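Structure first, commentary second.
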Amino acid sequence: MGMEAEPFDQFFMWGEMLLRDFDETDRYMIDAKMLFADLSNLKELDAGLDYLTEEQITFLKNFWQGFDSELSVNKKKFLDVWRKLYPLYKNFHKKLSLESIAYEGGLHRSVAEDIVNGKIKLPYHSSEASDRSKGTDAILWFAGFNALTKAEEKIISFAVDQGFATARWDTDQYYLNDESQEAGVFFRAYRHHPALAKTFSPDSPGNFRQNKRVNSMGAAQPMGQVKALAHVIETELKNGMIPEESVIILPDEKLLTPVLHSIAPVLDKFNVTMGFPFASSPVYNLVEQLVELQISARRDYFSYQQVQSVLSHPYVVASGAAAVHAKMKEITKHNWVSVPKDFLGSEIKLHAVIFNDADAITTYLLQVLHAMTSVASLDGVDQEYIHRGIQLLNRLDGVWNREETKEKSSANKLKSFLRLFRQYARGEKIPFAGEPLKGMQVMGVLESRNLDFKNVFILSLNEGVFPSAGNQGSYIPYSIRKTYGLPTPEHQGAIYAYLFYRAIQRSENVFLFYNSEPDVLGQGEMSRYLQQLLFESKLKINEQVLHNPVQPRPVKPIVVQKDDNVLKALARLNEGTIRSRGLSPSALNTYLECRLRFYFQYLARIREPLKVEEEIDPRILGNFLHSVMERFYHYILEKKKNKEIIADDFELFENKLDKLIDEAFIKEYYLDPKQPVTYEGQRVVVREVVKTFAKKIIEYDRRHVPFTIEALEQNAWMHNIKISHSPGFVVLGGTIDRIDRKGNEVRVIDYKTGRDELDFKDVDSLFSREGKRNKAAFQTLLYALLYKNNNTTSDLKIIPGLINRNNLFDDEFRFGLKMDKEYLTDATPLFSQFENQLHILLEEIFSPDGVFDQTDKIEACKICPFTGICYR
């Protein structure tokens, strides 16, 4: 045919759709050659479809009117697909015939054609059953049908016409005799059928409007319906309802598990007879996560995101919760963006199987699922899910291993497999079947056919669910379907309308639930079947819309009094590990910004939950930059054995920078120092940004030589300030990035990767809660004070300053802070006033009077980690 074969994973999606079209074509006994013809040729349309009515031909002409002689590229491609459909159909049937196999639609068509043509001789002749057409003693009965396909119609009609069969139709005069009711559309057609008309009784029963108590209940979201269902069932049981006379119908099969959990406390026995979507099972989700885990694999590492997803899966947790928790804690502690595979290996068998290399993906997945069958804490339902997953993967294993995909990378192979798995698994259902004579029945819509119950509970009566959205794809557009009599959305709607009315026509107590909160696009509104019942049936319906009244509480200011426990916590600020560093500038800045935040962070010791940081933010950039610059100067000092820096020390610094950045990454992410660092994704950006910053700092320092390094990342200097309250003094400390000296000028340097300002008005403004306060200047001046009080040399000019992104890349960059827009050439004259203000601040903090309350500056709350407590 000249068509190039596609890989199976690419073929599956459109191939499944094509097979569905072939199946419908045969079920409705359509002339496939005509259906799949090149309909752009209107002459062929007129000559070849002369048996169609004018209305049908108009449908086709309207559809194809845009396909003129000057075809666009897209139209040509579209028509080319149509030209290939019939040869595909013909060759497919030929191959199936050679192997003596058939799909269901093809088998129906073959039987129907052979019966009509006399090729199949049925065992009963009309002469043997002259009176059987009346149905009194017919040998063969057709019962419970509604919408017949053309093949079904041919077979049943022939059997009825020959007199050895009859048909029984379960109808009600309410929808059968009313032309506007879509539930009876097929029956009304069959009542005028040449053969089937005689199988209808003259009088149709009228049970629908008799002895009915109907309740309509709207509830918010599917879970609201489930909870309402459980409450109603509990009430009805107390009023004498017999479970064996009752059924729960679930149009949305995904609600099966929530419904079972909700009704279990109020029902001793219930029986499930329906299919549960495999795609809604935990096993489906686990397989997805396992494949994505293998896609993320890089040499000896897995991506932390996929590792955490797998470890968090309920089945993996069930295999060893303590081991899972320990691994998660360790990953977060080490900030492992890439998690070593050897770390994930475990004495737990399942974990060892999961965190292993997958040479063959289907083999790997089957090994994991087989290992899960031995997890004792997984109950029967979970084991059923796992067993179904094993069956599905065994089927895929044979198909996948036959595919030739050598030209693809391993990651692409896995992505192709994941796409195939999703397409295949989403059409699979897990069948549940039980004892139909015990307990309340739980069924899907199709499973409820031809069954009558006294008490009927139907959930999810919303458009798009019941009736379903009908989103199955097809190569055959609506107009062509309409013309040839193939099923359309109207056809599907009529089928489900009948199932709805038939389910309740003989019931006495009906409870109908729907979601009262459609989405923002208006989709998911009340089902049209329920609307018809409310406005057309003339039944007395008790309507309820359930809701929980929301009474929001006013957000009250949070004020913490300084009671004995708080005062003890304040005293502990000078004890233990805090004493080794002292009360830091960051802590004092926090207190000035918001007293309550200071209380949460330093007294109540509330910590933000740890998480693996992969995104670029100032903290990560700052950590890397500090680490690289510290290592750079330590490298020089260790080599020289003295603290003086000269121009020659900067030779070949770029090569050293790459090595130092690698070391910083190894330290930050706890990588294996024996392995080369791999830079991917965010890491590439972080490396380049840090390298650019470091090069610029070194270029600036080269112009400043010679100078002497006084301190690097110094955190041993302390300063005591006496206060009048317990504990009598406060220890101030912190980590100073760098201090260097040139002559009698000492630079106190703080690296910043943000846009911190250099300018401040005066010392008092650094302690003021009003207006804009320069936190970076406050911090650097405090560092300068620590240096002065820990250095005996006099006559030094101490120049605090920032090296940040705002000024570092400025050609006219000058180091130092600005006070009232003038560069600060010596901070020593400010220390007396700065220390006095510090004393006042510390007296306030440690005073037994006063409170810890919220700041009035709402903008400060935007980046506060405690907004979930304050509701700011």
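The values are calculated or read from the model by the stated rules, or taken from the named source; none is laboratory data. Bear in mind the structure is a predicted one, so any value in this text is a computation, not a measurement. Cβ atoms come from the backbone with ideal geometry, glycine included; neighbour counts cover every protein chain shown. Each accessible area value is taken on the protein alone, full model and side chains, heavy atoms only, with ligands, DNA and RNA left out. Shrake-Rupley method; radii C 1.70, N 1.55, O 1.52, S 1.80 Å.
Details
- Residue count for region 257-267, restricted to those that are of a type in the set (S, T, N, Q) and either touching a Ser or Thr at 6+ places or on another chain (Cβ under 7 Å) or surrounded by 17 or more Cβ atoms within 10 Å (Cβ to Cβ) (or both): 1
- Residue check for Ser346: in a helix (DSSP H, G or I), touching a helix residue (DSSP H, G or I) at 6+ places or on another chain (Cβ under 8 Å), of a type in the set (S, T, N, Q) and farther than 23 Å from Pro676 by Cβ: no
- Summed over region 842-860, the residues that are buried (at least 17 other Cβ atoms within 10 Å of the Cβ) and either touching a Leu at 6+ places or on another chain (Cβ under 6 Å) or not hydroxyl-bearing (Ser, Thr, Tyr) (or both) give a count of 5.
- In region 296-307, of all residues being surrounded by fewer than 18 Cβ atoms within 10 Å (Cβ to Cβ) and not in a loop (DSSP other than H, G, I, E, B), the one that is modelled with the lowest pLDDT corresponds to Arg298.
- Of the candidates Val375, Val337, Val368, the single residue that is hydrophobic (A, V, I, L, M, F, W, C), touching a residue at least 60 places away in the same chain (Cβ under 8 Å) and touching an Asp or Glu at 6+ places or on another chain (Cβ under 7 Å) is Val337.
- Tabulated pairs, region 85-113, first more than 23 Å from Ile476 (Cα to Cα) and at pLDDT 90 or above, second open to solvent by 50 Å² or more (accessible area, probe 1.4 Å) and in a helix (DSSP H, G or I), C-beta under 6 angstrom, 6+ apart or interchain: Ala112/Lys154
- Identity of the residue in region 694-703, open to solvent by 20 Å² or more (accessible area, probe 1.4 Å) and touching a residue at least 60 places away in the same chain (Cβ under 8 Å), that ends up farthest from Thr753 (Cα to Cα): Tyr700
- Of the residues Glu292, Glu288, Glu330, the single one that is open to solvent by 50 Å² or more (accessible area, probe 1.4 Å), closer than 14 Å to Ile354 by Cβ and assigned to a helix (DSSP H, G or I) is Glu292.
- If the condition is being farther than 30 Å from Pro727 by Cβ and part of a helix (DSSP H, G or I), then region 529-574 contributes Tyr529, Leu530, Gln531, Gln532, Leu533, Leu534, Phe535, Glu536.
- Listed by first and then second residue, the pairs linking a residue in region 174-198 that is β-branched (Val, Ile, Thr) to a residue that is open to solvent by 90 Å² or more (accessible area, probe 1.4 Å), with Cβ atoms under 9 Å apart and 6 or more places separating them unless they lie on different chains, are Val185/Glu179; Val185/Glu490.
- Flag not set for Ala716, criterion: under 52 Å from the mean Cα position of the chain (by Cα) and part of a strand (DSSP E or B).
- Qualifying residue in region 498-505 (condition: in a helix (DSSP H, G or I), within 34 Å of the chain's Cα centre (by Cα), modelled with pLDDT of 90 or more and at negative phi): yes
- Checked against the criterion of being part of a helix (DSSP H, G or I), open to solvent by 30 Å² or more (accessible area, probe 1.4 Å), at pLDDT below 85 and touching a Lys or Arg at 6+ places or on another chain (Cβ under 7 Å), the candidates Phe59, Phe67 yield just one match: Phe59.
- Of all the numbered requirements in (1) in contact with a Phe, Trp or Tyr (Cβ under 7 Å, 6 or more places away or on another chain); (2) modelled with pLDDT of 85 or more, Val555 misses one, and that requirement is (2).
- Contact map, region 491-519: first residue among the acidic types (Asp, Glu), second residue open to solvent by 30 Å² or more (accessible area, probe 1.4 Å), Cβ cut-off under 6 Å, separation 6 or more or different chains; pairs are Glu508/Asn211; Glu508/Lys454; Glu517/Ala220.
- Matching residues, region 719-753, being part of a loop (DSSP other than H, G, I, E, B) and of a type outside the set (D, E, K, R): Ile723, Ser724, His725, Ser726, Pro727, Gly728, Gly734, Thr735, Gly743, Asn744, Thr753
- For region 341-363, filtering for residues that are touching a residue at least 60 places away in the same chain (Cβ under 8 Å) and surrounded by fewer than 18 Cβ atoms within 10 Å (Cβ to Cβ) leaves 1.
- Answer residue from region 257-283, given it is within 24 Å of Leu365 (Cα to Cα) and in a helix (DSSP H, G or I) and is modelled with the highest pLDDT among those: Val283
- Among helices (runs of 4 or more DSSP H) entirely within region 153-256, having at least 2 residues that are open to solvent by less than 70 Å² (accessible area, probe 1.4 Å), of a type in the set (A, V, I, L, M) and closer than 24 Å to Ala497 by Cα singles out 185-190, 221-238.
- Any hit, region 440-448, residues being within 31 Å of the chain's Cα centre (by Cα) and of a type in the set (Val, Ile, Thr): yes
- Taking the conditions (1) modelled with pLDDT of 90 or more; (2) open to solvent by less than 20 Å² (accessible area, probe 1.4 Å); (3) more than 17 Å from His108 (Cβ to Cβ) in turn, Thr149 satisfies each one other than (3).
- Hey, Ser296 under 30 Å from Phe624 (Cβ atoms), of a type in the set (Ser, Thr, Tyr) and without any contact (Cβ under 8 Å) to a residue 12 or more places away in the chain or not: yes
- Check on Leu250, in contact with a Pro (Cβ under 7 Å, 6 or more places away or on another chain), in contact (Cβ under 8 Å) with a residue 40 or more places away in the chain and over 15 Å from Val316 (Cβ atoms): no
- Among the residues listed as Thr753, Thr825, Thr780, the single one being polar (S, T, N, Q) and more than 48 Å from the chain's Cα centre (by Cα): Thr825
- Within region 102-123, being assigned to a loop (DSSP other than H, G, I, E, B) and open to solvent by less than 40 Å² (accessible area, probe 1.4 Å) holds for one residue alone: Gly118.
- Test for Asn715: is it within 30 Å of Arg572 (Cα to Cα) and open to solvent by 40 Å² or more (accessible area, probe 1.4 Å): yes
- Considered as a group, the residues in region 637-662 that are buried (at least 19 other Cβ atoms within 10 Å of the Cβ) and either over 15 Å from Lys691 (Cα atoms) or in contact with a His (Cβ under 9 Å, 6 or more places away or on another chain) (or both) include one that is modelled with the highest pLDDT, and that residue is Ile645.
- The residue that is surrounded by the fewest Cβ atoms within 10 Å (Cβ to Cβ), among those in region 522-551 that are aliphatic (A, V, I, L, M) and at pLDDT 90 or above, is Val545.
- Qualifying residue in region 751-763 (condition: over 23 Å from Asp737 (Cα atoms) and touching a residue at least 40 places away in the same chain (Cβ under 8 Å)): yes
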